[in-house]
Amino acid sequence: MRNLSILFLLCLLTACDWSAKREKRTQELVDQEILAIDWEDVDQYPLFADCDELDSKSDQKKCFMETLLRHFSKSLQNSDLVLEKEIKDTIFVNFRMEDTGAITLINIKNDEQLSQQVPDFRNQIEKSLNSLPKIEPALKRGIPVSAKFRIPIVLQ
């Protein structure tokens, strides 16, 4: 009985060592996988209802951007923006597409002249963003993620 107890104790101590080695190896694999992920790019761009999720990533991006720019164009054409002076400029709208599908305006670049003539311009952009049709968020490894975007708006 005593020999059996000693044998059991030795097996128990050795098994703990095996478990620790397996856990260490698993952690090493996880660390390697995390380092291999390109955190600056998404696997699938946000999609509007008329964009095909089976298209290539470049086609998804093109569909997303074209739909977004079409919406902005219609929205700004329908607004009552009145300018005192003619402006020919490009402004950049930076926004975040949240993992929930919500959109948050971050900022608008190069809008100094425009904001002087149309103080309500930022609100118009926010309204336009908030009135977008439902968007499915970007995906990274099958998980919805937040993504930042910058779109140019050419004013003429």
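List the strands (runs of 3 or more DSSP E) inside the range 94-156, counting only whole elements, that have at least 1 residues being over 13 Å from the mean Cα position of the chain (by Cα). Walk me through how you get there before you give the answer.
Numbers: elements: 103-109, 138-140, 143-145, 147-155.
Those strands (runs of 3 or more DSSP E) span 103-109, 147-155.
This table checks each residue for (1) surrounded by fewer than 12 Cβ atoms within 10 Å (Cβ to Cβ); (2) aliphatic (A, V, I, L, M).
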{"site": "Lys127", "(1), (2)": "no, no"}
{"site": "Asn130", "(1), (2)": "yes, no"}
{"site": "Ile135", "(1), (2)": "no, yes"}
{"site": "Leu155", "(1), (2)": "no, yes"}
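(1) modelled with pLDDT of 80 or more; (2) farther than 15 Å from Ile151 by Cβ; (3) of a type in the set (A, V, I, L, M): which one isn't true of Leu69, the others all being true?
Going through (1) modelled with pLDDT of 80 or more; (2) farther than 15 Å from Ile151 by Cβ; (3) of a type in the set (A, V, I, L, M) one by one, Leu69 breaks only (2).
Out of all the residues in the range 105-113, is one or more surrounded by fewer than 18 Cβ atoms within 10 Å (Cβ to Cβ), in contact (Cβ under 8 Å) with a residue 40 or more places away in the chain and under 20 Å from Asp43 (Cα atoms)?
No, the range 105-113 contains no residue that is surrounded by fewer than 18 Cβ atoms within 10 Å (Cβ to Cβ), in contact (Cβ under 8 Å) with a residue 40 or more places away in the chain and under 20 Å from Asp43 (Cα atoms).
Identify all residues within the range 104-142 that are β-branched (Val, Ile, Thr) and either in contact with an Asp or Glu (Cβ under 8 Å, 6 or more places away or on another chain) or modelled with pLDDT of 85 or more (or both); write none if there are none. Don't jump to the end; show me each part of the working.
Filtering the range 104-142 down to residues β-branched (Val, Ile, Thr) leaves 104, 106, 108, 118, 125, 135.
Correct list: Thr104, Ile106, Ile135.
Which condition from (1) free of Cβ contacts under 8 Å to residues at least 24 places away in the same chain; (2) closer than 27 Å to Asp50 by Cβ is the one that Glu136 breaks?
Status for Glu136: all satisfied but (1).
Could you run through the range 24-64 and say how many residues are modelled with pLDDT of 75 or more and either assigned to a loop (DSSP other than H, G, I, E, B) or surrounded by 14 or more Cβ atoms within 10 Å (Cβ to Cβ) (or both)?
19
The values are calculated or read from the model by the stated rules, or taken from the named source; none is laboratory data. Keep in mind that what you see is a predicted model, and the values were worked out from it rather than measured. Every residue, glycine among them, receives a Cβ derived from its backbone with ideal geometry; neighbour counts consider all protein chains shown.
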